[in-house]
1. Estimate the FRET efficiency between Leu179 and Met1 by the formula 1/(1 + (r/R0)^6), using the beta-carbon distance for r and 35 Å for R0, to the nearest 0.05.
2. Looking at segment 30-115, which trypsin sites (Lys or Arg not before Pro) are DSSP coil and have at most 10 other C-beta atoms within 10 Å of their C-beta?
3. Let me know the shape class of segment 49-110, please: from the alpha-carbon gyration tensor, a ≥ b ≥ c as square roots of the eigenvalues, rounded when a/c is under 1.5, otherwise prolate if a/b is greater than b/c, or oblate.
4. Can you tell me how much longer the chain between Lys196 and Asn38 gets when fully stretched, taken as 0.36 nm per residue apart minus their C-alpha distance, in nm with one decimal?
5. Given the DSSP H assignment, sum -39500 (n - 2.57) over each helix run of at least 4 residues in the chain and divide by its residue total; what's the result at 222 nm in deg cm²/dmol, nearest 500?
6. Could you give the dipole magnitude of the chain about its Cα centre, charging the beta-carbon of Lys and Arg +1 and that of Asp and Glu -1, in debye to the nearest 20?
7. Once you sort the root eigenvalues of the Cα gyration tensor of segment 57-197 as a ≥ b ≥ c, which label holds: rounded (a/c under 1.5), prolate (a/b larger than b/c) or oblate (the other case)?
8. Mind telling me which of Gly122, Gly182, Gly160 comes out most flexible in a GNM of the chain, alpha-carbon contacts under 10 Å?
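Rule-based calculations on the coordinates, nothing more; no lab input. Owing to the predicted nature of the structure, the values given are computational and were not obtained by experimental measurement. Every residue, glycine among them, receives a Cβ derived from its backbone with ideal geometry; neighbour counts consider all protein chains shown.
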Amino acid sequence: MTEQQTEQKILNAARKLFMQKGMGATRMQEIADEAGINKALLHYYFRSKQKLFEHTFKEAFGHLQPRLQVLTNQDLPLEKRIRLFISEYLDVIEKNRFLPLFIMQEIQRDPGNLYAMMTSSGFDPRKLLPIFAQAIGKTEEEAFELILNTISLVVFPYVGQPLITHVFFHGDQKAYENLLEGRKERIADLIIKTLKNQ
């Protein structure tokens, strides 16, 4: 196995465990076991759990930036651009379910570090604002409100998963997963309706 393959195997194992348990509850030994390597080799590639998490985080956000460029595609009707934007954003979150909770924790712990990790991955939320404003033909203030609403609609079901599952689905994980199905369309419908009513 090449070094690149070993590194990717570690990242896949870490992503899986971070999604299942969160960063805080995941131990390096568990990541090594999941990747099928010894702990010493894991430390050779990634000196600490924080470094490994940051690498996983940057990799996930690195996928997000090019996907958001769909907003700048003037060849597509606005409604199609909005639907693609929400679909791409949700795809990244769905494949990296540890991200929303981690972001919420980092917002409280160290927002400067969080912003630095985002920008080092190529994703700068500040640059999204004028792109979004131009795409929807609104002011940056109106675009900011719309971005906040969209992010809230996308992220909260993942951050609130334990409460939603416990309170509304009596612990039934399958019922919670069913809730997520079709959310791309429902969120897009709501955002587009909001745009049309402004």
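1. Working: r = 39 Å, r/R0 = 1.12.
After rounding to 0.05, the efficiency reads 0.35.
2. On the way: sites: Lys39, Arg47, Lys49, Lys51, Lys58, Arg67, Lys80, Arg81, Arg83, Lys95, Arg97, Arg109; in loops: Arg47, Arg97.
Passing sites in segment 30-115 are Arg47.
3. On the way: a/c = 2.85, a/b = 2.39, b/c = 1.19.
Verdict is prolate for segment 49-110.
4. Details: separation 158, 0.36 × 158 = 56.88 nm, distance 5.63 nm.
Separation in residues times 0.36 nm, less the Cα-Cα distance, equals 51.3 nm.
5. Numbers: 12 runs with 158 residues, N = 198.
The per-residue figure over the chain is -25500 deg cm²/dmol.
6. Numbers: 26 positive and 24 negative charges, 47 e Å.
Roughly 220 debye, rounded to the nearest 20.
7. Values: a/c = 1.86, a/b = 1.22, b/c = 1.53.
The shape class here is oblate.
8. Gly182
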